[in-house]
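> For reference, the structure I am asking about is given below.
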Amino acid sequence: EYRETDFDAVLECFSASVRGIGPRHYTQEQIAVWAPESPDREAWDARLRAGRTLVADVDGVVAGFVRVEERGYVDLLYVDPQFERRGLGRRLLHEACSWAVSRGAEKLESDVSIAARPLFEASGFEVEREQRVQRRGVWLTNYRMSRDPTAQVVHSRESGNPSKQPDGPPPARG
């Protein structure tokens, strides 16, 4: 569960994720408007407090986080590049979706970056449409993706492919 004391570490995780993983899919100009050097701290604080924000903590370090709304909108799923490819994003997404479903969400949806699309697809989400969004005069591509909340998609740790094996517990505090 997100705590006020996590604020700076969450912003650092976001910035590290966008700047470390983003360049594989986006230009430097796009990265600069997505993760500016001086983020709007008030807007971030309000966003992190809305809905439920889960934080993955690895040895006292914020390794990733996700925000989700009761209606099923998954937002702000980011993993620090030094912790990527360890299943943290998948487990955070699973925990966020489970929480929304337990609150009665009738649909799970998200606006997903090019970088995160494979993770969401592996978790049962499907692309509804490609989107072009503008931030500070710069266009970025992302995808509106959704999933039926009753779909039970379970993946193996090794391949990320659908499997009958149950997932381990999510790393999120809460």
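> Take each of the peptides 9-19, 130-140, average the number of other beta-carbon atoms within 10 Å over its residues, and list them starting from the highest. Please list the in-between numbers first.
Details: 9-19: 19.1, 130-140: 11.5.
The packing order, highest mean first, is 9-19, 130-140.
> Once amide H atoms are built 1.01 Å from N in the peptide plane, which residues 5 or more positions from Gly64, or in another chain, come under 5 Å H to H?
Ala56, Asp80
> While we're looking at this one, here's another question. Classify the chain as rounded, prolate or oblate from the Cα gyration tensor: take a ≥ b ≥ c as the square roots of its eigenvalues, call it rounded if a/c is under 1.5, otherwise prolate when a/b beats b/c and oblate if not.
Values: a/c = 1.41, a/b = 1.23, b/c = 1.15.
Rounded, because the longest to shortest axis ratio a/c is under 1.5.
> Which percent of the accessible heavy-atom area of the range 1-133 goes to carbon and sulfur, probe 1.4 angstrom?
Working: 2950 of 6650 Å².
Heavy-atom surface of the range 1-133 belonging to carbon and sulfur, 1.4 Å probe: 44 percent.
> Sticking with this one: Using only DSSP helix segments of four residues or longer, with each worth -39500 (n - 2.57), what per-residue ellipticity at 222 nm results for the chain after dividing by its residue count and rounding to 500?
Details: 5 runs with 52 residues, N = 174.
Calculated from helices alone, the mean residue ellipticity at 222 nm is -9000 deg cm²/dmol.
> Can you name the helices of the chain, as whole DSSP H runs, whose Cα span along the helix axis is 20 Å or more and whose Kyte-Doolittle mean is not below 0.5? Spell out each step's value before the answer.
Working: long enough: 7-21 (21 Å, 0.99); 88-102 (21 Å, 0.21).
Helices meeting the criterion: 7-21.
The values are calculated or read from the model by the stated rules, or taken from the named source; none is laboratory data. The structure presented is a predicted model; accordingly, all values stated were derived computationally and were not measured. In this analysis, Cβ positions are derived from the backbone assuming ideal geometry, glycine residues included, and neighbour counts consider all displayed protein chains. Just so you know, the surface numbers come from the protein's heavy atoms only, side chains and all, with ligands and any DNA or RNA stripped out. Shrake-Rupley method; radii C 1.70, N 1.55, O 1.52, S 1.80 Å.
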